[in-house]
1. Could you name the lysines in cross-link range of B:Lys174, using Cα to Cα under 28 Å and dropping any fewer than eight places away on the same chain?
2. How shielded is B:9-17 by partner chains, expressed as the average number of their Cβ atoms within 10 Å of its Cβ atoms?
3. What percent antiparallel are the DSSP beta bridges of the protein assembly as shown, to the nearest 5?
4. Using a probe radius of 1.4 Å on heavy atoms only, what accessible surface per residue do you get for chain C? Whole Å² is fine.
5. Within the accessible area of the stretch B:99-228, what % is carbon and sulfur when the probe is 1.4 Å and the other protein chains stay in place?
6. Leaving out ligands, DNA and RNA, and with a 1.4 Å probe, what % of the accessible surface on chain C is carbon or sulfur?
7. Starting with the highest mean, order B:129-139, B:17-27, A:184-194 by the number of other Cβ atoms within 10 Å, averaged over the residues of each peptide.
8. Go ahead and estimate [θ] at 222 nm for the protein assembly as shown from helices alone: -39,500 (n - 2.57) per DSSP H run with n ≥ 4, summed, over the residue count, rounded to 500.
Amino acid sequence: MRGPGGGTEDLPTPRPGPSQDTHDSHDAAPGCASCALSTGGARLARLGLAPGRHDHVVALAGNPNTGKSTVFNALTGLRQHVGNWSGKTVARAEGGFTYGGARYRLVDLPGTYSLLSTSADEDVARDALLFGQPDVVVVVVDATRLERNLPLVLQIRQITGRVVVALNLVDEARRHGLTVDARHLTRELGVPVVPMAARRNEGIPDLLAAIAQVAGTEDAPAPLRLVHKDPALEEAVTELAGRVAGRFPGVPNARWVALRLLEGDPGIEAAVRDGTLGELATPATPVERAG
Amino acid sequence: MSSDLLDDAARLRRALPDDVGDRVVESLYTDAARLASTSVDRDDARARLTLDRALDRILTHRVWGFVAMGVLFFGVFWFTIAGAAVPSDLLYVLLVENGHAWLRDVFVAAGAPSFVTGLLVDGVYLATAWVVAVMLPPMAIFFPLFTLLEDFGYLPRVAFNLDRLFARSGAHGKQALTMMMGYGCNAAGVTATRIIDSRRERLIAIITNNFSICNGRWPTLILMGTIFVGAVVPPGLAGVVAAGSVVAVVILGIGVTLAVSWTLSRTVLRGESSVYSLELPPYRPPQLWRTLWTSIVDRTLKVLKRALMMAAPAGAVIWLIGNVHLGDASLAAHLVNALEPLGWVLGLNGVILLAYLVAVPANEIIIPTIIMLTLTLGANTVGAAPGVMLELGDDAAVGSVLVTAGGWTLLTAVNLMLFTLLHNPCSTTVLTIWKETRSARWTAVATLLPIALGFLVCASVAGVVRAFG
Amino acid sequence: MTLDEMPRDRRGVVTALDTRGAERRRLMDLGLLPGVSISAELRSPLGDPTAYEVRGTLVVLRGHQARTVHVELEDR
């Protein structure tokens, strides 16, 4: 019934919050002057992921209706309205927070089931994660519907290792007789999994600590390497991944890019053609980004 | 130079089966399912969600589903109408009666020139005071109630119940959801159509969103229903009948939405329907206090702020056109006289049409504008002193002013309710439609189609009533 | 049989999805994979669509979508 900003006068752009800086995706260049990604600055700005005056950029991803907006609100202190249905938040919200002396910029990505570009929202989320290279990707996951949420987590893990999984709604899961083994998930996914109930503000400190840990680390886990059961496919992926790595040395997720190319993903093909993919070859570590 | 990489990809792709994409997705989902099954311990006895399912059986029942839908929405309106009466009267006495008189005395005592007092006190202040008195109480009740329904998880059930109607009319299944967003604010509803992927279906959703009564229009409906429709029946039934009349307009709006969607999808916006998906989320116990707090702070006060910002200049305009004289009559009188024939054809009047012109920026100020214009002009007509407005204590008094000074009948009120449903979107919504479509043509269609329908419907109703009445 | 024919008091296992591309992906997004257990829970009061229970969530499918999902009835 109501837009993400909450009022009428500030639609359709999300409302800037009280404690955040109000620059939007168009004027984020200054902070990039000294960063290693200067060539990619314009693109980052367009993706809304330029760090600006912040130390780290955190992207918030997740399925629709997983409590993503609640987590966003809990982290930033903003009050984006949260309804109980899919697709509630339509415009992208941005906020900021400070933790352990570092300034974080939080960018809310559209809620999607996957990154396979079957819709405009999925393209936006995919581009932001792949080309924006945020320092941390927080994937909000609904503990009551893990099967439905894990495909997105796996896809994001194939792109990057700088991931924190926010296992939200554990209170509701408990009510429904479900127990989720977060330690097991952490082992399997290779990234921190933080159980939480964002509506009750439970687990937020743990989430912040995990974000800070991933943001501060120099050696995040490598992107997840899924082995395909189909031998022909596996062979093709391996071969093409080798060529991707040869053309764009240092690209962190060559296998994922290869798979997307094999599927004929137009967005990735365009990135190969115009060389955008090459920009990913320079790893953007938090140290280089600090403005 | 990079294109040889694409060539390699194309060559490798040719060697693979052509459903490779589907297979990759399937293996991904299979992996996810395996990982989930090893991570989740399910206590099957409780996993049945028995309460949720029992509730769903009622809320989506063949008969009770629609009864529940009617009762819930009717209940929201009835609570709003019944609950807003007393605080509205209090605010009226405080701000309009006493506040206005007090402020006038202050200005006079300070020796302010009469046109300054008129413009600021009788124009700007009075308009904003009216907006607060008329709008704040219903909004402060309506928004939290609707938000509670929303947070509870009821809206997807409504979409589920009504889906077949939307499917038949060629609209996207999610249009039911954007329609309900529109009940809060059409600009928000138009933005929400981004959840619809296909441009064709999205345009249908955008054009028809205006047929969802937005928060700027609820007070007009509620006030008309209370003063005129409710007054036709014995006092004991008045509240119920008033709420029923509002619900009737809402249902009519859904009907118009479906009819216009049907027409568009079979004429200018023909095409395939896109992939449908909807989930029914588990019911979540709403957080009462947080909902009250956020819907009052975020929603009510924001909308009120916007209304006040629009009402202040409108108040100045009303005072000016009421007090600047051309020849023997005020500017407002000239305008009203010019609009009167059209107003008569539509079963409305010149004052209402002029109010809609003054209030193009925001629907919220329609009623205050109408009342102030009626009083400004009516004072001369009826020969009462300009201070007559100070005797208006409650809704009934507002009604008697409209009847005696404005010459309103039940037809005027009913047609105003219809016109409230069927007229151009407010300027904010038009701007949002332009931003979302980037098309002057579709923005024009979305703006002009409702008003054309409004003229047609109001003129027909007026014609029929006059022929038989 | 296909999902739209499944009786309401029975559970079934998805055996195949007879569709491709975006529609197939959307079904899998919603959790409909070969091997998953499914039951028809609620029918819309107007007859279509139907809400199915898949792994504890309620997924709504229109008739033409349900016809592309092949199921095998589970033993009672």
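1. Straight-distance partners of B:Lys174: A:Lys68, A:Lys88, B:Lys302, B:Lys435.
2. That average works out to 6.
3. 65 percent
4. It amounts to 38 Å² per residue over chain C.
5. After summing per-atom areas, the C and S share lands at 68 percent.
6. Roughly 44 percent of what the probe reaches on chain C is carbon or sulfur.
7. Going from most to least packed, we get B:129-139, A:184-194, B:17-27.
8. -16500 deg cm²/dmol
The values are calculated or read from the model by the stated rules, or taken from the named source; none is laboratory data. Predicted model only: the values in this text are computed from it and were never measured. Note: ideal-geometry Cβ built from the backbone for every residue, glycine included; neighbour counts use all protein chains shown. For the accessible areas, the whole protein counts, side chains as well, though only heavy atoms, and no ligand, DNA or RNA atoms are used. Shrake-Rupley method; radii C 1.70, N 1.55, O 1.52, S 1.80 Å.
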